[in-house]
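Enquirer: Attaching a single structure in structure tokens format; questions to follow.
Every read-out reported here was derived from the displayed coordinates using simple, explicitly stated rules and does not represent laboratory data. Everything quoted here is computed from the prediction, not taken from an experiment. Quick reminder, even Gly has a Cβ in these numbers, built from the backbone with ideal geometry, and neighbours come from all protein chains shown.
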Amino acid sequence: MFKSNIIALAVTLTTLSIAIAPAVKSHAEERPEVEIKSQKLTDGIYVLFGRGGNIGLSVGEDGAYIIDDQFAPLSEKINSAIDKITKAPVKFVVNTHWHFDHTGGNENFGKEGAVIVAHENVHKRMSTRQEMKAFNRVVEAAPKVAQPSVTYQKEMSLKLNNDKMRIVHVANAHTDGDSLIYFEQDNVLHMGDCYFKIGYPFIDLGSGGSIDGYINALETGLALSNDKTKIIPGHGPMANKSELAAYTQMLKDIRQNVAELKADGKSLEATIAAKPSAKYDAKNGVAFIKPEQIVTAIYNSL
Ligand SMILES: [Zn+2]
């Protein structure tokens, strides 16, 4: 069942996987060596790392629920990784936003009976053809079974497995449909792509993202956290609150520098040349989004 989607999606994924998923090369999501690794965070919560966005997994007396599902060709591997933790089928998939490297498995999990949950704007984007100008890509509407059938506007929760999973919308951040997901009892926070631990974030202005919304999302994440919170970033290894705070401060600093240059009447080219992110470039500007890309996104967002 899963294999039927590979060919159709592989064409679309080639560019998107490079653009959206860090450190992913052409067809990397199909390579046999892609391995789904799981890490236990609490008795009931795990994180799965593979290619694409990090997956959160809740297991317990009510079954299994996941946050995001990477690329379609990985669904079987994701299922077998989950199978090692629980024999329960995946009842819900909660998408943090509409991007392919987080929702690519929706069709497969949907066909297996999972209910897809996401912000209303994720449904809007996945049910219509999207032009991603930043990457010169067109993404066709997803099949109905892959689209969220349960949507919300501001906040909703799933009370399952002896925890309350809060799904909190943060407006116009990485996209216009981002959710932060916080497990109150387990004290685990999934930031989706409102936190790229591997470096500068991709802010998808074409999908309604903005620098001020992104910073607000980070601050919302900080407000939900305490020093013991286990934080799952959209990409990269696990994080804690002090790392999230440092990341927030970094983006505030760069935003401030870019805003000052723009207010002085500097063009985008002159702003890039002034290197307003220089202090952070060696650590954050090498993995995925380069210094000129984050500066451009911030400049165009102000
Ligand atoms: Zn994304």
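Enquirer: Looking only at the range 173-195, which residues are over 17 Å from His123 (Cβ atoms) and more than 12 Å from the chain's Cα centre (by Cα)?
Expert: Passing the criteria: Tyr182, Phe183, Glu184, Gln185, Asp186, Asn187, Val188, Leu189.
Enquirer: Which condition from (1) at positive phi; (2) touching a residue at least 60 places away in the same chain (Cβ under 8 Å); (3) more than 16 Å from the ligand (Cβ to nearest atom) is the one that Gly113 breaks?
Expert: Evaluating Gly113 over (1) at positive phi; (2) touching a residue at least 60 places away in the same chain (Cβ under 8 Å); (3) more than 16 Å from the ligand (Cβ to nearest atom) leaves (2) as the failure.
Enquirer: Inside the range 65-114, can you point out the residues that are in a helix (DSSP H, G or I), of a type in the set (Val, Ile, Thr) and surrounded by fewer than 24 Cβ atoms within 10 Å (Cβ to Cβ)?
Expert: If the condition is that a residue be in a helix (DSSP H, G or I), of a type in the set (Val, Ile, Thr) and surrounded by fewer than 24 Cβ atoms within 10 Å (Cβ to Cβ), then Ile82 is the only one that fits.
Enquirer: List the residue pairs whose Cβ atoms are under 9 Å apart, where the first residue sits in the range 211-229 and is free of Cβ contacts under 8 Å to residues at least 60 places away in the same chain, the second is charged (D, E, K, R) and assigned to a loop (DSSP other than H, G, I, E, B), and the two are 6 or more positions apart or on different chains.
Expert: As it stands, the answer is Gly213/Asp176, since those pairs meet every condition given.
Enquirer: For the range 221-302, which fully contained helices (runs of 4 or more DSSP H) count at least 3 residues that are within 21 Å of the chain's Cα centre (by Cα)?
Expert: It comes to 241-263, 291-301.
Enquirer: Okay, moving on. Output the residues belonging to the range 230-246 that are without any contact (Cβ under 8 Å) to a residue 40 or more places away in the chain and of a type outside the set (A, V, I, L, M).
Expert: Result: Asn240, Lys241, Ser242.
Enquirer: Further, regarding this structure: For the range 223-240, which positions are touching a Pro at 6+ places or on another chain (Cβ under 7 Å) and away from the ligand (no atom under 16 Å from the Cβ)?
Expert: Ala239, the sole residue that qualifies.
Enquirer: Among residues belonging to the range 148-200 that are of a type in the set (S, T, N, Q) and part of a strand (DSSP E or B), point out the one that is nearest to the ligand (Cβ to nearest atom).
Expert: Ser179
Enquirer: For the range 139-196, what are the residues that are over 23 Å from Ser207 (Cα atoms) and surrounded by fewer than 17 Cβ atoms within 10 Å (Cβ to Cβ)?
Expert: Ser157, Lys159, Asn162, Lys164, Glu184, Gln185
Enquirer: In addition: Out of curiosity, is Ile203 in a loop (DSSP other than H, G, I, E, B), touching a residue at least 24 places away in the same chain (Cβ under 8 Å), within 13 Å of the ligand (Cβ to nearest atom) and surrounded by 24 or more Cβ atoms within 10 Å (Cβ to Cβ)?
Expert: Taking the combined requirement at face value, the residue satisfies it.
Enquirer: Identify, from the list Ile55, Ile78, the residue that is within 16 Å of the ligand (Cβ to nearest atom) and of a type in the set (A, V, I, L, M).
Expert: Checking each option against the conditions leaves just Ile55.
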